[in-house]
Amino acid sequence: MPSKKFFLLSPEPYNSAPQPVSPRCLSERYKSFDWVTKIKVERARRSLIIKMMTDRTYIKAYLVEFTDKRDGYSFLKFGATNDYDVMKRFQHEPEQYKDYDIEVIGSIYANQNNVNYKRMGEVEQYFLSKYPRNTKYFKDNFSGISETYQPTDDSERKRMIREFYDIRTMILGGKDIKDVSKSMV
């Protein structure tokens, strides 16, 4: 069986392609770099990880509402997940949500026969671009919760929910996400 080759992102030489190296010599080669080169390699590695995370595919998009049990403060969260049950998304460190009621407003699941299968992250991105985060203050520090929006009033909340369900209807009807987002503008 041939050994796997890995590419080490090295800043020098700038005009050449990354050279394949075996996994064993990655750590020795990295140790030989000066601190400036190590910083450049680390930045490249981090940007690659971020790109991989944003390119991930998701099978379900969702809209949930958080309501603070202590004072009634509420906000919406758009998201995408690979869990069939949206509430499983919030089982990660459940202690942080103890003071909040989390209600699933809606979700969109595109099965394998749908043209939008594994593209629910695009639905999330549509809503995040249309409704950028406007909740600047949290009483609690949530892990992984940043896609939040507080509607200005009840009519805006209802309009957002109606828009989510309109998109859901179009996607489940087989319309491509890119066409849906163009028609909603």
Item checked: Residues located in the stretch 166-185, provided they are surrounded by fewer than 14 Cβ atoms within 10 Å (Cβ to Cβ), more than 12 Å from TYR126 (Cβ to Cβ) and touching a residue at least 40 places away in the same chain (Cβ under 8 Å) -> GLY174
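Can you say whether VAL104 is in contact with a Ser or Thr (Cβ under 7 Å, 6 or more places away or on another chain), among the β-branched types (Val, Ile, Thr), in the same structural domain as ARG168 (by TED's automatic domain parsing) and farther than 13 Å from ILE171 by Cβ, as far as the supplied structure shows?
Numbers: in contact with a Ser or Thr (Cβ under 7 Å, 6 or more places away or on another chain): no; among the β-branched types (Val, Ile, Thr): yes; in the same structural domain as ARG168 (by TED's automatic domain parsing): yes; farther than 13 Å from ILE171 by Cβ: yes.
For VAL104, the condition - in contact with a Ser or Thr (Cβ under 7 Å, 6 or more places away or on another chain), among the β-branched types (Val, Ile, Thr), in the same structural domain as ARG168 (by TED's automatic domain parsing) and farther than 13 Å from ILE171 by Cβ - is not met.
For every residue, the table says whether it meets (1) crowded, with 17+ Cβ neighbours inside 10 Å; (2) not in a strand (DSSP E or B).
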residue: ASP71; (1), (2): no, yes
residue: GLY79; (1), (2): yes, no
residue: PHE90; (1), (2): yes, yes
residue: VAL104; (1), (2): no, no
residue: ASN114; (1), (2): yes, yes
residue: GLU122; (1), (2): yes, yes
residue: ASN134; (1), (2): no, yes
residue: ILE145; (1), (2): yes, yes
Item checked: Residue list for the stretch 147-185, filter: of a type outside the set (D, E, K, R) and in contact with a strand residue (DSSP E or B) (Cβ under 9 Å, 6 or more places away or on another chain) -> THR148, TYR149, GLN150, PRO151, MET160, ILE161, PHE164, TYR165, ILE167, ILE171, LEU172
Note to self: Looking only at the stretch 149-185, how many residues end up being of a type in the set (S, T, N, Q) and either in a loop (DSSP other than H, G, I, E, B) or closer than 16 Å to SER107 by Cα (or both)?
What the structure shows: 3
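Residue under question is SER129, and the condition is that it be closer than 25 Å to PHE90 by Cα, in the same structural domain as ALA110 (by TED's automatic domain parsing) and modelled with pLDDT under 85; does it hold?
Numbers: closer than 25 Å to PHE90 by Cα: yes; in the same structural domain as ALA110 (by TED's automatic domain parsing): yes; modelled with pLDDT under 85: no.
No: the conditions fail for SER129.
The values are calculated or read from the model by the stated rules, or taken from the named source; none is laboratory data. From a predicted model like this one, the values you see are computed outputs, not experimental measurements. Neighbour counts are summed over all protein chains in view; Cβ atoms, including those assigned to glycine, are modelled from backbone coordinates with ideal geometry.
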